[in-house]
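Heads up, the thing below is written out as structure tokens.
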Amino acid sequence: MKILVINGPNLNMLGIREPDIYGRETYADLLDKIRRHAEKTGTEVTFFQSNHEGDLVDAIQAAYGKQDGIVINPGAYTHTSVAILDALKAVAIPAVEVHISAVDEREDFRKISYVRLACRKTIAGHGTDGYLEAMDELTGGA
Ligand code: DQA
């Protein structure tokens with residue numbers, strides 16, 4: 001099974017940005033953790049991170065016919081981007097939304113997720129373990 005893990009703006013700053021909220025693991029640590037988990041389940045994992053909305057749309061479109069699942073943390077674009085929602089709907093690849101923080105317990109604007117409408121599940125507030133749970137959701141943990 002092939003899974004694309006997409007991270008949106010500022011997630012490349014993990015470990016530096018607001019560690020009280022997002023923890024001290026770096027983006028590189030996150031990728032290592034996901035890679036190790038993928039090895040256990042024989043999953044082929046590809047990563048994409050961008051701070052630019054259109055690049056995230058391009059990455060979703062490029063996954064069409066190539067990837068079996070998408071794990072996506074769109075960062076702040078979660079709360080604003082109809083374009084990312086539409087791209088996920090367009091490719092119709094099973095997708096799971098992840099947020100490191102408990103977005104439902106933060107500012108009101110973070111409670112809105114456009115992307116959620118195209119995702120099988122939303123995992124929020126489980127730290128970076130949420131990415132592993134999202135992968136298990138897509139692979140069946142196999
Ligand atoms: C986030 C939550 C978003 O509200 C925020 O803009 C992020 C990260 C999370 O992983 O908790 O950049 O998606």
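Summary of values
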item	result
Point-charge dipole on Cβ atoms (K/R +1, D/E -1) for the chain, about Cα centre, debye to 20	240 debye
Rg and Dmax [Cα atoms of region 1-72; Å; Rg one decimal, Dmax integer]	13.0, 39
Summed residue charge, Cβ within 15 Å of R120's Cβ, Lys/Arg positive, Asp/Glu negative	-2
Accessible area in square angstrom per residue, the chain, 1.4 angstrom probe	48 Å²
Along each principal axis, Cα extent of region 102-142, largest first, Å	37, 22, 9
Accessible-area value, Y114, 1.4 Å probe, nucleic acids and ligands omitted, Å²	80 Å²
Alpha carbon convex hull of the chain, projected area averaged over orientations, nm²	7.3 nm²
Under 12 Å, Cβ to Cβ, from I84 - net charge with Lys/Arg +1 and Asp/Glu -1	-3
Ellipticity estimate at 222 nm from DSSP helix runs (n ≥ 4, -39,500 (n - 2.57)) divided over the chain, nearest 500	-10500 deg cm²/dmol
Candidates D20, D104, D58, ranked by Gaussian network fluctuation over the chain, Cα under 10 Å, top entry	D20
Sulfur and carbon atoms: percent of accessible area, the chain [1.4 Å]	49 percent
For P19, net neighbour charge (Lys/Arg +1, Asp/Glu -1) across residues whose Cβ lies under 13 Å away	-2
Length-normalised contact order for the chain - Cα pairs under 8 Å, 6+ apart - percent	27 percent
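The values are calculated or read from the model by the stated rules, or taken from the named source; none is laboratory data. Just so it is clear, the structure is predicted and the values come from calculations on it, not from any experiment. Note that we place each Cβ from the backbone using ideal geometry, even for glycine, and neighbour counts take in every protein chain shown. Areas reflect the complete protein model, heavy atoms only, side chains present, ligands, DNA and RNA absent. Shrake-Rupley method; radii C 1.70, N 1.55, O 1.52, S 1.80 Å.
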